[in-house]
Amino acid sequence: MSNLILSLFPGIDLLGRGFEAEGFCVVRGPDALWGGDIRGFHPPDGRFEGVIGGPPCQDFSRARRSAPTGYGLEMLSEFTRVVTEAKPVWFLMENVPTVPTLDVHGYHIQRVDLDARECDSTQSRLRHFQYGDQRGYVIILERNAKRSDARPCCMASEGKRHGRRTWADFCELQGLPRDFTLPGMSIEARYKAVGNGVPIPMARVIARSVTAARAPVGFRVCECGCGRPVGGRRVTATVACRKRLQRQRDAAGVTVSGAVTLFECESLGESQ
């Protein structure tokens, strides 16, 4: 493989920086931050091994204070269009856990949630990834035990707050050097640009999992979205996974709220 990948909606591209640190060569597409517009962008066919990116997530966030604008769905559609035109072997989309599942013809799609604390990061931050692969490969994440000393999530809005963390501390939490600079930007714009990014330690974990992606021969992936392998009749990897799956089923109205037993999970797996 060439390891040449295309990064969409890059901003200052913390996700792409993580992939670069793991040996990928990243080409960055147009971004509104720099005056670009993805709607007029058409990639070459078959040049890129992978496509990565995080379309705007505000419309799908539980924290939003206004009705969805439709822009989020439009940008998901643009991400799908670019993948379809570029025809990479795989793609990876980053967003919030409540984002809809992409529908890209010819790709097996896997949903995975990951907390920055599981990537040896010192901040608490949950992000969602969708990995699509033409070969049907899946990614298995290298997860560490969650750090107990984690600090609050870096938010794009922190630059507007009184008592905000120092710029050096904010950058360090996102995996950037403490002396990182963004010349020409206001304080609020700098915090927003860095806060919108995927923490670089998390991006590196994801990049390594993509490098090691493989066919699910002799195992399946946990149904809860953690990306852990499971074997036999099991559909979840841990007790926490079973609880998470139950919460997902309860929220979807699939079952009456209650504890998930191993038998229930196995039965669910047999019915799928």
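The values are calculated or read from the model by the stated rules, or taken from the named source; none is laboratory data. Not measured: the values here are computed from a predicted model. Note: ideal-geometry Cβ built from the backbone for every residue, glycine included; neighbour counts use all protein chains shown.
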Self-check item: Complete set of residues in the stretch 97-120 that are out of contact with any strand residue (DSSP E or B) (no Cβ under 6 Å at 6 or more places or on another chain), hydroxyl-bearing (Ser, Thr, Tyr) and modelled with pLDDT of 90 or more
Solution: Thr101
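Can you find even one residue in the stretch 151-162 that is touching a residue at least 12 places away in the same chain (Cβ under 8 Å), of a type in the set (Asp, Glu) and not assigned by TED's automatic domain parsing to the domain that holds Asp103?
Step one: filter the stretch 151-162 for residues touching a residue at least 12 places away in the same chain (Cβ under 8 Å), giving 151-160.
Filter once more, so that each one left must be of a type in the set (Asp, Glu): 158.
Then drop every residue that is not not assigned by TED's automatic domain parsing to the domain that holds Asp103, which leaves 158.
Yes; the residues of the stretch 151-162 include at least one that is touching a residue at least 12 places away in the same chain (Cβ under 8 Å), of a type in the set (Asp, Glu) and not assigned by TED's automatic domain parsing to the domain that holds Asp103.
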Quiz item: In the list Thr101, Thr84, Thr69, Thr80, which residue meets the criterion of being under 19 Å from Leu126 (Cα atoms) and in the same structural domain as Tyr137 (by TED's automatic domain parsing)?
Solution: Thr101
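Confirm whether Ala116 is over 30 Å from Gly46 (Cβ atoms) and outside the structural domain of Glu85 (by TED's automatic domain parsing). Spell out the reasoning first.
On the way: over 30 Å from Gly46 (Cβ atoms): yes; outside the structural domain of Glu85 (by TED's automatic domain parsing): no.
Answer is no for this residue.
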Self-check item: the stretch 158-190: number of residues that are surrounded by 12 or more Cβ atoms within 10 Å (Cβ to Cβ), under 20 Å from Met202 (Cβ atoms) and touching a helix residue (DSSP H, G or I) at 6+ places or on another chain (Cβ under 8 Å)
Solution: 8
Quiz item: Can you pull out the residues in the stretch 78-95 that are touching a residue at least 60 places away in the same chain (Cβ under 8 Å) and closer than 15 Å to Ser2 by Cα?
Solution: Ala86, Pro88, Val89, Trp90
Exercise. Taking Thr84 as the residue in question, decide whether it is surrounded by fewer than 19 Cβ atoms within 10 Å (Cβ to Cβ) and modelled with pLDDT under 90.
Key: no
Practice problem: Go through the stretch 211-257 residue by residue and tally those that are at pLDDT below 80, more than 17 Å from Val138 (Cα to Cα) and in a loop (DSSP other than H, G, I, E, B). | Solution: 6
Exercise. For Ala203, indicate whether it is modelled with pLDDT under 95 and within 17 Å of the chain's Cα centre (by Cα).
Key: no
Quiz prompt | Whichever residue in the stretch 1-44 is more than 19 Å from the chain's Cα centre (by Cα) and among the aromatic types (Phe, Trp, Tyr) and, among such residues, is nearest to Ala203 (Cα to Cα) | solution = Trp34
